[in-house]
Amino acid sequence: MKFVYNNFECRVDNPSQCPHCHNGIEPRHISQNIEQGINYSVWKCTFRECGKQFIAVHQVIGQGQAKFVGFLDGQPIGPYWPETIKKLKSKFIETYNQSLKAEYSGLDEIAGMGFRKAIEYLVKDYLIQRDSSLEGKIEDKLLASVIGENFSTPQEADLKDLLQRATWLGNDMTHYLRYHDNFDINDLKELIQLVMDEIHSIEQKRHYIANIQSKYKK
């Protein structure tokens, strides 16, 4: 696809995936409009069972240059939710999905802050579910302190390390200064997935060790 801005022609790749059904497609271009250096192009999904329209957004970044920002509609594909996480009484999944939607719409600054908030929900709600005596004691504490004080067993060493690093990247996306410039929002999402997997693994191990006892005679 091409469009003209300030007498310079910009060429960008056509969308190759529908943001609604997520199938690989060659969509039909319907129309486009450019305002203040941002091009909005309307497309129609050619997958027979979908056929929905969507809007792709490209931002001019130089003379004859433009970058893909995101889609204005559709639904991003969420991560794999382990059963332990799905059963957790928490705003974690809701907050994560809202952040994912913001990222999908090109609002990466807001998305990063949302993912950081999601981490805090996950950590504190998981700990309270595991030990109800912590309720009312950790909700207003700094996340770094909560992590440092409550994941102390050898079995939780990897989880603690992952949580600390996820928090560092999340803080970078929330505060004025960034200290880990070589990592981005995709790394943060990968860390969150690793954290979820690690929590699920720990809880599964605890479940089976506690509930399967030897039946053999000594």
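Report the per residue volume, in Å³, of the convex hull enclosing the C-alpha atoms of the range 1-123.
Numbers: hull volume 13.7 nm³, N = 123.
Output value, Cα hull per residue: 111 Å³.
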*Evaluate the charge dipole of the range 83-211 about its Cα centre and quote only its size in Debye, nearest 20, assuming +1 on the Cβ of each Lys and Arg and -1 on the Cβ of each Asp and Glu.*
400
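Per the helix-only calculation at 222 nm, which mean residue ellipticity applies to the chain, given -39500 (n - 2.57) for every DSSP H run of n ≥ 4 and division by its residues, nearest 500 deg cm²/dmol?
On the way: 6 runs with 91 residues, N = 218.
So the helix-based figure for the chain works out to -13500 deg cm²/dmol.
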_Between 0 and 90 degrees, rounded to the nearest ten: what's the tilt of helix 92-104 against the longest Cα principal axis of the chain?_
20
_Sorted peptide list for 142-148, 122-128, 75-81, criterion being average Cβ within 10 angstrom, highest first_ = 122-128, 142-148, 75-81
*asked:* Using a 4.7 Å cut-off between beta carbons, which cysteines in the chain end up with no partner cysteine at all?
replied: Cys10
*asked:* Give me the tail of P(r) for the chain as a percent: Cα-Cα pairs with distance above 24 Å.
replied: 56
*Nearest 10 degrees, 0 to 90: what angle lies between the long axis of helix 108-130 and the longest principal axis of the chain (Cα atoms)?*
20
*Could you run the Karplus curve 6.51 cos²θ - 1.76 cosθ + 1.60 with θ = phi - 60° over the range 200-211 and give me ³J(HN,Hα) per residue in whole Hz, x for Gly and Pro?*
4, 4, 4, 5, 5, 4, 4, 4, 6, 5, 6, 9
_Can you work out the Karplus-derived ³J(HN,Hα) for every residue in the range 7-23? Use 6.51 cos²θ - 1.76 cosθ + 1.60 with θ = phi - 60°, whole Hz, and x for glycine or proline._
6, 10, 8, 10, 10, 9, 6, 5, x, 10, 9, 6, x, 8, 9, 6, 7
*Using θ = phi - 60° and the Karplus form 6.51 cos²θ - 1.76 cosθ + 1.60, what ³J(HN,Hα) does each residue of the range 142-152 get, whole Hz, x for Gly and Pro?*
4, 4, 4, 5, 4, 5, x, 8, 10, 10, 10
*Highest-fluctuation residue, Phe47, Phe92, Phe71 considered, GNM on the chain with Cα pairs under 10 Å*: Phe47
*How big is the range 144-218 by the Kirkwood estimate over distinct Cα pairs, in Å?*
14.4
*Which whole-number percent is the relative contact order of the chain (Cα, under 8 Å, 6+ apart)?*
13
*List the lysines whose alpha-carbon lies under 18 Å from that of Lys86, not counting same-chain residues fewer than 8 positions away?*
Lys117, Lys124, Lys189, Lys205
*Amide H of Ile25: which non-local residues (sequence gap of 5 or more, or other chain) have their own amide H closer than 5 Å, using H built in the peptide plane?*
Gln17, Cys18
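Go through 3-9, 164-170 and give me the packing order, highest mean Cβ count within 10 Å leading.
Values: 3-9: 12.4, 164-170: 20.7.
Top of the packing list down: 164-170, 3-9.
Each value in this text was obtained by applying a stated rule to the coordinates, not by laboratory testing. From a predicted model like this one, the values you see are computed outputs, not experimental measurements. All Cβ positions, glycine included, derive from the backbone under ideal geometry; neighbour counts span all protein chains shown.
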